[in-house]
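Report on the following structure.
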Amino acid sequence: MAKLTNKPRSPQQKQRASARSAPLVLQGREQDIALIHHLVDRIDQGGSTLVISGEPGIGKSALLEVARHRASERGVSVLSMTGVLAEVHLPFAALEQAVRPLMKRAVGLVPRQRSALLAAFGMQDDMGAPDIFLVALATLSLLTERAARTPILLIADDAQWLDQATYDVLAFISRRLSSDPIALLVAMRDGFNRPFGDASTLRHRLSTLDVADAEHLLDAHAPDLSADLRSRFLKEASGNPLALVELPRGERVADARDTPWLPLTERLERAFSSRLSELPNTTRTLLFVAAENDETSLHEILHACEAVLGERVGVDALTPAIAAKLIEIDGTEVRFRHPLVRSAMHQAADLATRQRIHAALAATIRGQLDRQLWHRASAIIGSDDELAGEYDQMATRALRRGAVAMAIEVIETAARLSSTARAKSDRLLRAAELAADLGQPELLERLLGQVDVDQSHQLAPVRIGWCREISKPPTIDDPAKIPALIGFAAQAYAAGAKDLASNLLWRAAQRCWWSNASDELRTRILIAASQLELPETDPRSIAITAYVEPLRLGGAVRVKLQRLSETRDGDPAVARILGSTANVIGAFDLGVSLLAESSAALRAQGRLSDLARVLFAQGWAEMEVGDWPGAMREAEESVRFAEETGGTLWIAAATIVKAKLAGMQGNLEQSEAHAAHAERLVLSIGASFLLAMLQIARGISAIGAGRHWEAYEHLRRLFAPADPAFNPGLQFFGLADFVEAAVFSGNAEAAQGVIDEVERVSAPIPVPWVETMLSYGKALLAAPADAEPLFLRGLGPAAKKWPFLRGRLLLAYGVWLRRQRRPADARAPLRESRDIFDALGASPWSHRAREELRASGEASRRRTEHAWEALTPQELHIAQLAAEGLSNKEIGARLYLSHRTVGYHLHRIFSKTGITSRSGLRPIVAEARHTAS
């Protein structure tokens, strides 16, 4: 496979190239230099990221050179990358530039990380497309391994022109440097809508020089200016160091009024291009070639220029350009003194000249197929089906490297080269589908806007509809979209695209669950799905049924789920669908293992965006089956990965899990803080189905606090059709809570109506969780003489799968027994409920159980605090992995942290628990696992 990256350049060449006459622009930069020195001097105290921004020529690169010099003085290793506009289409090019000195250590990486990194750099082609986060973790591992021996300063100049893959890797790394002696220094030009970092990232914008410093710099480099010209250049430069140095080298016009006003960047470009008229034709052509080349190779530039001019060209032809201070030659590389020089040369060459140059470069380049193709495409106007086909293959190579953004760009170019409207549309649709997967709606619409749909292209409208549907998260409560999805599915099925039809109906079913869809729409989806005649082993068949009618058909779905989960082939993608389906119907006992299997696979693949979603679902299931430490662990990690990947929806969803857990444990302030944060997110994105989950979390928190009327007000919203939280598919999740709140707030009649409706809809075979809740609710509502059989039915074998619900049943049963003047009989269920709540950490219910036991005549010991409860969810997770024998490096690979960060957490764990070695973790972890079981 051809590599897309540049020919190797030495670190010394990189450092010399980036200086850009650094001493010239350091006038008046004392405070900026002090900031850089502080960053470098404190590297060994922990990592950090600094983003330096400013207009072109303001001195960003000069400050980076200051950082390099300071790092050299302090014994800090420097790794550098520079964004180049001509290389922005080459995925991971800048990243490879920086980490090349570390690649000998790649052999020590975890195998999957090593394979991902080698695939990203085009050095290995035997694995599927590596996820960007797996490449990023591999890069972080290389950096932290080296930093353990020598601190590192990682520099990214002109970051606005870094290829997207490198940019994403840097963003990942920047969030994980706090525990490692690594400083990341990023320089970015103003005016680019490409923000780097997050709210915690340190930022510094370079200001223009004040009048005195500007005058000093101008006088030092142009001492012979007349007073008028001096005044003019000071005014035009506006304190920009590069302008103060370069504008006087251009044409000196006596009267500034003769020159129209131009933006400073354009004026600087004109100052550079004005020097072309004084250069020989061969020199000018060499500059034009260098500007169009995505390499700096002197050999390539000379040979391509010879092809353009049809004559021999020697290196001495570049001497006039060096004298004009437009370029520098560094060994075998030609570099422009500033990116604005390259831009000026590009604009100075006419289109015909640029096309001849690209053709010459394509003929000159050897051993780098993709670079050749880029130049071939730039050399022509019009169609070329053969080249379009080669671009299709280049897109496939890009996808194998995990460079989806590049693949989209390549396919779009292939579409431009297509000779027929059908071929062009097919390619644009393929690019649009990739853009939809990336969640880039603006790019998607731009691509779809170019698609030419005619009547003969039956699938085009369907594919367009599908792209628009999947490009947006499920945030809109809009049942009106469902008929269109059903229609698209019918068109796809008629055109023989059964798989696409299945996906469309599954999406329609999901929209039913997210919104208040009518019974008529639900019926239409089920009929359409039956017409597809999907095999029973297709998980979408079960999922469609569950999402459309989770309560009505939940019992039948559970039977199929259990059978399929036992006979399937272990595909984690299937496990994800089945696990989510189990949650939807309330079969959390089945969902836990399926979702755990899916999350493990996604974690290994580095698919953090999907992992955030699955971890939320896994956390909810673990919460319901009584593994509260695991649920909080999953929720915390879901939030972390969702924040990393821009998944606002899943941040909100996982935060609701955290709110409910905190409420059940009696941490009311923390619960409401989580709930309020989640509510802000939910309202901002319009995810109304999450409002139902949020009301459930707030309801149970209020019940724990003994505020049943408040709980009733929260929970009744799920059953009020006019309320934004109304959701037929989620109502039954809050059944037990609503009935309890209603009974103890004087609203038993409302509770009875809900019980009757849920029992009617779920008949004849409700899922065990729903059946247990129905028994609990009916027991609370029953007359004293009728309650005991209902309690006992609810406490059947199925209830053991839902410890918190079982504990509440036992508590209510014990209270009922005591009030029936049977205190001796009440003690056993009250004692058992106390133990369940103690194990869960459900302190409000534990306290209530103790009070009831005391009233029945039995003293109750105080709850024993456990060592693991002092740990954060992440610390407990790390402790569990360390107890299993995983090394810090292996734990870091599992959690997407640096191994030094893992070591920091282990130090805190030892301090909190009072242990001194990893062997001491086993009993602590075992205690936590016993609680969860």
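The values are calculated or read from the model by the stated rules, or taken from the named source; none is laboratory data. Note that the structure is predicted; figures quoted are calculated from it, not measured. Note that each Cβ is placed from the backbone with ideal geometry, even for glycine, and that neighbours are counted across all protein chains shown. With ligands, DNA and RNA removed, areas are computed over all heavy atoms of the protein, side chains included. Shrake-Rupley method; radii C 1.70, N 1.55, O 1.52, S 1.80 Å.
Worth a mention:
- The share of accessible area on the chain that comes from carbon and sulfur is 52 percent, using a 1.4 angstrom probe.
- Rounded to whole numbers, the Karplus 3J(HN,Hα) couplings from phi for segment 770-775 are 5, 4, 5, 5, 4, 4 Hz, using 6.51 cos²θ - 1.76 cosθ + 1.60 with θ = phi - 60°, and x at Gly and Pro.
- Low-density loop positions, trypsin sites (Lys or Arg not before Pro), segment 854-933 - DSSP coil, at most 14 other Cβ in 10 Å: R861, R862
- Shown is the FRET efficiency for A600 and A824, computed with R0 = 56 Å from the Cβ-Cβ distance and rounded to the nearest 0.05: 0.70.
- Antiparallel bridges, percent of DSSP beta bridges restricted to the chain (to nearest 5): 20 percent
- Calculated mean residue ellipticity, 222 nm, the chain: -19500 deg cm²/dmol, from DSSP H runs (n ≥ 4) at -39500 (n - 2.57) each, averaged per residue and rounded to 500.
- Around L234: net Lys/Arg minus Asp/Glu count, Cβ-Cβ under 13 Å: -3
- Segment 608-684: relative contact order as a whole-number percent, Cα under 8 Å and 6+ apart: 28 percent
- Compared with the direct C-alpha span, the chain from S72 to S200 gains 43.3 nm at full extension, assuming 0.36 nm per residue.
- Distance between the modelled labels on D437 and R105, one decimal in nanometres: 3.3 nm (7 Å Cα→Cβ projection).
- Cα point-scatterer Debye curve for segment 428-474, base-10 log of I(q)/I(0) at q = 0.31 Å⁻¹: -1.15
- Given 15 as the ceiling on other Cβ atoms within 10 Å, longest exposed-site-free region of the chain for chymotrypsin sites (Phe, Trp or Tyr not before Pro) in DSSP loops: 262-933
- Spacing of the two label points (7 Å from each Cα toward its C-beta) at S887 and A484, in nm: 5.4 nm
- E669-D723 FRET efficiency (beta carbon distance; Förster radius 30 Å; 0.05 resolution): 0.70
- Reachable lysines from K658, criterion Cα separation under 24 angstrom, eight or more residues apart if same chain: K800, K801, K912
- Listed by chain and number, the lysines placed with their C-alpha closer than 20 angstrom to that of K889 are K104; residues fewer than eight positions away on the same chain are left out.
- Sparsely packed GluC sites (Glu not before Pro) within segment 489-550, loop by DSSP, other Cβ within 10 Å at most 14: E533, E536
- Neighbourhood charge, 15 Å Cβ-Cβ cut-off, centred on D44 and excluding it, Lys, Arg +1 and Asp, Glu -1: +3
- Sequence-separation-based contact order of segment 831-926, relative, with Cα cut under 8 Å and 6+ spacing, percent: 24 percent
- About the Cα centre, charge dipole magnitude for segment 102-198 (Lys/Arg +1, Asp/Glu -1 at Cβ), debye: 380 debye
- You can think of it this way: the chain between S919 and R862 has 17.6 nm of extra reach, that is 0.36 nm per residue less the Cα-Cα gap.
- Sparse-neighbourhood loop sites, GluC sites (Glu not before Pro) in segment 172-254 - DSSP loop, at most 16 other Cβ within 10 angstrom: E251
- Short-range pairs are left out: with C-alpha atoms under 8 Å and at least six residues apart, the relative contact order of the chain is 8 percent.
- Which labelled figure in (i) 40.0; (ii) 46.7; (iii) 43.5 is mean projected area of the Cα convex hull in nm², once derived from the coordinates: (iii)
- Estimated FRET transfer efficiency when R0 is 45 angstrom, pair Q450-A705 (beta carbons, to 0.05): 0.20
- Å² per residue, accessible surface of the chain at 1.4 Å: 40 Å²
- In summary, the lysines within cross-link reach of K472, defined as a Cα separation below 18 angstrom excluding same-chain residues under 8 places away, comprise K481.
- Three-way shape label, segment 321-457, alpha-carbon gyration tensor, a/c 1.5: prolate
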